[in-house]
1. For labels at residue 29 and residue 12 in the simple 7 Å Cα→Cβ model, what's the distance in nm?
2. Any chance you could run the full-extension gain for residue 99 through residue 142? It's 0.36 nm times the residue separation minus the Cα-Cα distance, nm to one decimal.
3. Measure out, as a whole number of angstrom, how far apart the alpha-carbon centroids of the stretch 27-41 and the stretch 183-203 sit.
4. Over the stretch 37-151, what is the mean sequence separation of C-alpha contacts under 8 Å (at least six apart), divided by residue count, expressed as relative contact order in percent?
5. 222 nm [θ] for the chain, helices only, -39500 (n - 2.57) per DSSP H run of 4+, per residue, to 500?
6. Would you work out if the stretch 2-217 is rounded, prolate or oblate? Take a ≥ b ≥ c from the square roots of the eigenvalues of the alpha-carbon gyration tensor; rounded if a/c is under 1.5, else prolate when a/b is larger than b/c, oblate otherwise.
7. Looking at the chain only, what percent of DSSP beta bridges run antiparallel? Nearest 5 please.
8. With an 8 Å cut-off on Cα pairs and a minimum separation of 6 or more residues, tell me the relative contact order of the chain in percent.
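Just so it is clear, none of the values below were taken in a lab; they were calculated from the coordinates. What you see is a predicted model, and the numbers here were worked out from it, not measured in a lab. Neighbour counts are summed over all protein chains in view; Cβ atoms, including those assigned to glycine, are modelled from backbone coordinates with ideal geometry.
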């Protein structure tokens, strides 16, 4: 199944590294985080990647031009200033598949992708996201019987569960994205949550994003332990 990875943001909160490379190319233990993400999908047999490029996209292009991988990698320029929703819509127009994975280029998890997909097909909603329990500085979800009844990005209210990325989506969802200025985590997902079309797969295992240097240091320590 196709995997869309959003990899075009400016990564301003990680400027120690992103002045030189885009955030997905920031290395953890000598390997860019995007490669860890792709390897996770590949382990489940999902090797058809569509990477939405923006800020310093040429760095990602150069990296994969030198890699020999048994994957289908499509590197798509989606505009330097395009928002997350706009990037997804631009890439989604390029393939006909009704169901696909989507994730961000800056977060790692050991979520079982087969179980996530099975959950999505069972719920029959436009979008299923992976709900995780992170630090309270993130957004909030309310979940009733596996369906999101409330979605608010970066709310100050601690609702225990937040959007951890790792989505399964139906192509019909793209209709809720207006264009390049659309932020995926705001209007589109909030709208379908109100329509009871956003499902949440609860993941209690490992999850860690990389928004700041502190996050990067945390991931470095965790992955060293996993590898050793």
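1. Taking the simple label geometry, residue 29 and residue 12 are separated by 3.3 nm.
2. Numbers: separation 43, 0.36 × 43 = 15.48 nm, distance 2.43 nm.
Extra length from residue 99 to residue 142 when fully extended: 13.0 nm.
3. If you average the Cα positions of each part, the centres end up 27 Å apart.
4. So the answer I get is 21 percent.
5. Rounded to the nearest 500, the figure is -8500 deg cm²/dmol.
6. Here the stretch 2-217 falls in the rounded category.
7. Antiparallel: roughly 50 percent of the beta bridges in the chain.
8. Normalised by residue count, the contact order of the chain is 24 percent.
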